[in-house]
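Just below is one structure, and these are the notes that go with it.
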Amino acid sequence: MLAQEKEFKWPAHAPRITGYRLAGAQPGGIFLHGFRSHCDGEKARALARHAAARKRSWLRYNQRYCAQSNDEFAHFTLSQAINDAVALLDHFRQPSVLVGSSLGAVIALQAAQRRSKWVSGLLLLAPAVRFVERHFSSLPDDEIRQWREHGARTFADDYSGGVFALEYAFFADAMGYRALGPWKFDCPVSILHGQRDELLPVDDSLELRAMIHSPSIDLDIIADGDHRLTDAIPAMRHKLDTLWANA
């Protein structure tokens, strides 16, 4: 936690969203992490430090059921994550740039469409708009049927080397978010995608850019960038400054 940040817990009942909040000028920003990630990663902390240096308000939080045990994460659904992001925009009622990383970019897109009055810009980092097709729809029909009948199943974690569980409700729900658009926003949109992304090809962001209509839309392809895009943090800072300046 940064010295200027305060712990954030919401709502009053469990399971809660937990994270850190900075007070500051508006528009500020909200960081939305990716699938099975958390709000204390390198990008999340770097952008919080940048917001603090710019004296901007900022929120980074763990999505519901994330940053907890595998048993808890099994309950995660995309709809719940989107509803929580919308509820937070309604709760704070402050203009914000939504920074979505990987699956967090899908959450940002959906939240921005539903609460455009509170969203002054979108910064999408390796947006996982083809996440379900690329990682779950390719399962054989028999495995999907067993997943549905058993209610949950485990998957290998490519990053940690372990396994994690997911309820079938995640898959059934996520299938409703496969459309790439079209999207129409009144705010500027910036996309960063690594040329060497090992999980999601650049073509996904090229398709997404073509489906977005906004006053300003740009896509930067990071030549040596992987999915985490940690080497592109300086570019993220620059994009944030530009989005704030144009709000």
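The values are calculated or read from the model by the stated rules, or taken from the named source; none is laboratory data. Just so you know, these numbers come straight off a predicted model, no measurement behind them. Every residue, glycine as well, gets a Cβ built from its backbone with ideal geometry; the counts of neighbours run over all protein chains shown.
The table that follows gives values for the structure above.
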read-out	value
Of the criteria (1) surrounded by fewer than 22 Cβ atoms within 10 Å (Cβ to Cβ); (2) more than 13 Å from the chain's Cα centre (by Cα); (3) not in a helix (DSSP H, G or I), which one G28 fails	(1)
Qualifying residue in segment 48-63 (condition: out of contact with any Pro (no Cβ under 6 Å at 6 or more places or on another chain) and farther than 18 Å from L22 by Cβ)	yes
Set F31, F8: member being over 23 Å from T230 (Cβ atoms), of a type outside the set (D, E) and in contact with a Leu (Cβ under 7 Å, 6 or more places away or on another chain)	F8
Any pair with Cβ under 7 angstrom, 6 or more apart, that starts in segment 230-243 at a residue that is surrounded by 14 or more Cβ atoms within 10 Å (Cβ to Cβ) and ends at one that is of a type in the set (S, T, N, Q)	K239/S190; L243/S190
Enumeration of residues in segment 147-168 that are surrounded by 13 or more Cβ atoms within 10 Å (Cβ to Cβ) and closer than 27 Å to L109 by Cα	F155, F164, A165, L166, E167, Y168
Of all residues in segment 169-183 being surrounded by 15 or more Cβ atoms within 10 Å (Cβ to Cβ) and in contact (Cβ under 8 Å) with a residue 60 or more places away in the chain, the one that is nearest to E149 (Cα to Cα)	A169
Odd one out for G41 among (1) among the small types (G, A, S); (2) over 21 Å from H238 (Cα atoms); (3) surrounded by fewer than 22 Cβ atoms within 10 Å (Cβ to Cβ)	(2)
Residue under evaluation A3, criteria (1) more than 22 Å from T230 (Cα to Cα); (2) touching a strand residue (DSSP E or B) at 6+ places or on another chain (Cβ under 9 Å); (3) surrounded by fewer than 22 Cβ atoms within 10 Å (Cβ to Cβ), criterion not met	(2)
Given (1) assigned to a helix (DSSP H, G or I); (2) under 17 Å from the mean Cα position of the chain (by Cα); (3) modelled with pLDDT under 95, index of the condition L180 fails	(1)
L122 touching a Leu at 6+ places or on another chain (Cβ under 9 Å) and assigned to a helix (DSSP H, G or I)	no
When residues of segment 75-87 are limited to those that are in a loop (DSSP other than H, G, I, E, B) and surrounded by fewer than 19 Cβ atoms within 10 Å (Cβ to Cβ), the one modelled with the lowest pLDDT	H75
L206 vs. criteria within 14 Å of P127 (Cβ to Cβ) and in contact (Cβ under 8 Å) with a residue 40 or more places away in the chain	no
Leading residue by the ranking (surrounded by the fewest Cβ atoms within 10 Å (Cβ to Cβ)) among those in segment 184-226 that are assigned to a helix (DSSP H, G or I) and of a type in the set (D, E, K, R)	D203
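Rundown of residues vs (1) crowded, with 19+ Cβ neighbours inside 10 Å; (2) part of a strand (DSSP E or B); (3) within 18 Å of the chain's Cα centre (by Cα), yes/no style:
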| residue | (1), (2), (3) |
| --- | --- |
| L59 | yes, yes, yes |
| L89 | yes, no, yes |
| G100 | yes, yes, yes |
| L109 | yes, no, yes |
| R134 | no, no, yes |
| L139 | no, no, no |
| R145 | no, no, no |
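Every residue, every condition in (1) in contact with a strand residue (DSSP E or B) (Cβ under 8 Å, 6 or more places away or on another chain); (2) among the small types (G, A, S), yes or no:
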position	(1), (2)
A152	yes, yes
D173	no, no
V189	yes, no
P201	no, no
D220	yes, no
